[in-house]
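Q: Starting off with a structure, shown below.
The values are calculated or read from the model by the stated rules, or taken from the named source; none is laboratory data. Keep in mind that this is a model prediction, so the values were computed, not measured. When we count neighbours, we look across all protein chains shown, and the Cβ atoms used for this are built from the backbone with ideal geometry, even at glycine.
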Amino acid sequence: MILIALLLCCAWQTEAQRPVAGKTADEIFRAHFNPIPLKAMDSYPSAYRAGSRELSKLKTDSADLYRGIALLKAGKAAAACISLEKPARHMKETVSNASEWYLALAYLRKGSIAQAEYMFHKIAETEIHPYQDEAEVVYQQLIRLRTK
């Protein structure tokens with residue numbers, strides 16, 4: 001079972017490096033990861049440090065969102081996924097929308113292309129999602145990545 005998981009992980013990482021019209025999954029990630037403009041949020045902590053005192057003052061979902069962004073910014077995509085999965089499932093749109101976007105980026109960064117593709121497609125199909133247009137662009141790039 002562990003061997004199968006390792007093989008799948010290696011396959012995803014190899015897939016992540018295939019070019020997409022001159023781009024790799026890593027380049028797609030870097031082009032779309034911007035931890036500053038949390039489009040659906042009115043305010044955000046000035047520091048994204050995962051252990052920041054500011055995070056402890058926030059509600060759990062918001063703290064998980066910012067912690068996930070901090071971890072993603074630090075290159076810890078797998079840990080970011082864990083932090084972002086819970087708020088991405090909740091119905092509070094402001095936190096959920098941003099969490100879905102950053103979770104999709106975290107999947108992309110860690111090489112889970114199929115999961116990233118699913119999340120970007122889900123966001124692109126949600127008409128009121130603040131990241132809808134950008135998600136459609138990334139989704140199309142990932143489709144091209146898969147078919148190359």
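Q: Take TYR107 and decide whether it is outside any loop (DSSP other than H, G, I, E, B), of a type in the set (Phe, Trp, Tyr) and either over 17 Å from ALA31 (Cα atoms) or more than 12 Å from the chain's Cα centre (by Cα) (or both).
A: Considered against the rule, which asks whether it is outside any loop (DSSP other than H, G, I, E, B), of a type in the set (Phe, Trp, Tyr) and either over 17 Å from ALA31 (Cα atoms) or more than 12 Å from the chain's Cα centre (by Cα) (or both), TYR107 comes out as no.
Q: When you scan segment 21-38, how many residues do you find that are hydrophobic (A, V, I, L, M, F, W, C), modelled with pLDDT of 70 or more and exposed (fewer than 14 other Cβ atoms within 10 Å of the Cβ)?
A: Start the filter on segment 21-38 by keeping residues that are hydrophobic (A, V, I, L, M, F, W, C), which leaves 21, 25, 28-29, 31, 33, 36, 38.
This time we only want the ones that are modelled with pLDDT of 70 or more, so: 25, 28-29, 31, 33.
Retained after the next criterion (residues that are exposed (fewer than 14 other Cβ atoms within 10 Å of the Cβ)): 31.
Total meeting the criteria: 1.
Q: Just to be sure I understand the filter: pairs with C-beta atoms under 9 Å, separated by 6 or more residues or on different chains, first member in segment 13-38 and under 18 Å from ALA114 (Cβ atoms), second member modelled with pLDDT under 50 and part of a loop (DSSP other than H, G, I, E, B). Which pairs pass?
A: Matching pairs, first to second residue: THR24/GLN17; THR24/ARG18; ALA25/GLN17; ALA25/ARG18; ASP26/GLN17.
Q: Sticking with this structure for a sec: Would you mention how many residues in segment 122-148 are acidic (Asp, Glu) and in contact (Cβ under 8 Å) with a residue 60 or more places away in the chain?
A: Looking only at that region, the number is 1.
Q: Between residues in segment 61-74 that are closer than 16 Å to LYS110 by Cα and residues that are surrounded by fewer than 22 Cβ atoms within 10 Å (Cβ to Cβ) and of a type in the set (S, T, N, Q), which pairs lie under 9 Å by C-beta distance while being six or more apart or on different chains?
A: Pairs found: ALA70/SER52.
Q: Return the residues of segment 68-80 that are crowded, with 22+ Cβ neighbours inside 10 Å and at pLDDT 85 or above; say none if nothing qualifies. Spell out the reasoning first.
A: The first filter runs over segment 68-80 and keeps only residues crowded, with 22+ Cβ neighbours inside 10 Å, leaving 68-72, 80.
Scanning segment 68-80 gives GLY68, ILE69, LEU71, LEU72, ALA80.
Q: Going by what's in this entry, would ILE123 be described as over 14 Å from the mean Cα position of the chain (by Cα) and not hydroxyl-bearing (Ser, Thr, Tyr)?
A: The answer is no for ILE123.
Q: Can you tell me which residue within segment 89-118, out of those that are without any contact (Cβ under 8 Å) to a residue 24 or more places away in the chain and within 17 Å of VAL138 (Cβ to Cβ), is surrounded by the most Cβ atoms within 10 Å (Cβ to Cβ)?
A: Restricting to residues being without any contact (Cβ under 8 Å) to a residue 24 or more places away in the chain and within 17 Å of VAL138 (Cβ to Cβ), the top hit is GLN115.
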